[in-house]
Structure formats: structure tokens, C-alpha cells
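The values are calculated or read from the model by the stated rules, or taken from the named source; none is laboratory data. Just so you know, these numbers come straight off a predicted model, no measurement behind them. Positions of Cβ are generated from backbone atoms using ideal geometry, with glycine treated the same way; all protein chains shown enter the neighbour counts.
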Amino acid sequence: MSGSSPALKAYAEVLRLVRRLPPEVRSYYSRFARENFATYNDEVDPSTISSLLHRAYEHSCWVLAKYGVDKSAADRLKQICK
């Protein structure tokens, strides 16, 4: 996903969403996001990138729900990951 504008925007948005989580779990989820985005840094296939972005959105919604944050907080991420 290197140099991919949607991927970089999605990563930045995921980090913004992490700030809505309880302070004691923020470092875990920011590290988790960084590691996952870095793992696929070299991906160039558009369909794979699209699938990964969709997965990032779905996982973000799950984490937000787990900590009682309204799913609508991820609306911006949803737009990026379309």
C-alpha cells in the first residue's frame, strides 16, 4: 500500500479513532494499527488494497463497539475505505 493515498488516509483516520478509546488501551490499538498497515506496505494490487481497507473499517467498527463508542464515529473512515 506504499504511497497509496487512500491507505495513508485510512491509517490516519484509524489513529484518530484510537483517540476515542479509553486511555489504557490506546497504545495497544495504535501499535496494532501501525503493525497491520506496515505489514501490507508493499501491496500494489487494487483489489487487495480495497479488501484490506474494508477490513480496516470493519475491525475499527468492532473495536469502537467493544468500548461503547458509537459506530458513527467511523463514518469518515467508511468514506475513505469505499
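Scanning segment 40-61 for residues that are surrounded by 13 or more Cβ atoms within 10 Å (Cβ to Cβ) and aliphatic (A, V, I, L, M), which turns out modelled with the lowest pLDDT?
Looking at residues that are surrounded by 13 or more Cβ atoms within 10 Å (Cβ to Cβ) and aliphatic (A, V, I, L, M), I get 49.
Would you point out the residue of segment 1-13, among those that are among the hydroxyl-bearing types (Ser, Thr, Tyr) and outside any loop (DSSP other than H, G, I, E, B), that is nearest to residue 68 (Cα to Cα)?
Kept after step one, since they are among the hydroxyl-bearing types (Ser, Thr, Tyr), are these residues of segment 1-13: 2, 4-5, 11.
Next, from what is left, pick out any that are outside any loop (DSSP other than H, G, I, E, B): 5, 11.
Values: 5: 30, 11: 21 Å.
Here the residue is 11.
Can you name every residue in segment 14-29 that is surrounded by fewer than 16 Cβ atoms within 10 Å (Cβ to Cβ) and either not in a helix (DSSP H, G or I) or not β-branched (Val, Ile, Thr) (or both)? Spell out the reasoning first.
So in segment 14-29, the residues surrounded by fewer than 16 Cβ atoms within 10 Å (Cβ to Cβ) come out as 15-16, 19-20, 22-28.
Within segment 14-29, 15, 16, 19, 20, 22, 23, 24, 26, 27, 28 meet the criteria.
Scan segment 61-81 for residues that are over 10 Å from the mean Cα position of the chain (by Cα), in a helix (DSSP H, G or I) and within 16 Å of residue 19 (Cα to Cα) and report the count.
10
Restricting attention to segment 62-82, which residues are among the hydrophobic types (A, V, I, L, M, F, W, C) and either at pLDDT below 95 or buried (at least 17 other Cβ atoms within 10 Å of the Cβ) (or both)? Can you show your working first?
Applying the first criterion (among the hydrophobic types (A, V, I, L, M, F, W, C)) to segment 62-82 yields 62-65, 69, 73-74, 77, 80-81.
Within segment 62-82, 63, 64, 69, 74, 77, 80, 81 meet the criteria.
Only one residue in 58, 43 is part of a loop (DSSP other than H, G, I, E, B), under 22 Å from residue 5 (Cβ atoms), of a type outside the set (Lys, Arg) and out of contact with any Gly (no Cβ under 9 Å at 6 or more places or on another chain), so which one is that? Steps first, please.
On the way: 58 fails: part of a loop (DSSP other than H, G, I, E, B).
The unique qualifying residue is 43.
Take residue 37 and decide whether it is surrounded by 14 or more Cβ atoms within 10 Å (Cβ to Cβ), assigned to a helix (DSSP H, G or I) and without any contact (Cβ under 8 Å) to a residue 12 or more places away in the chain.
Numbers: surrounded by 14 or more Cβ atoms within 10 Å (Cβ to Cβ): yes; assigned to a helix (DSSP H, G or I): yes; without any contact (Cβ under 8 Å) to a residue 12 or more places away in the chain: no.
Here the answer is no, as residue 37 does not meet what is asked.
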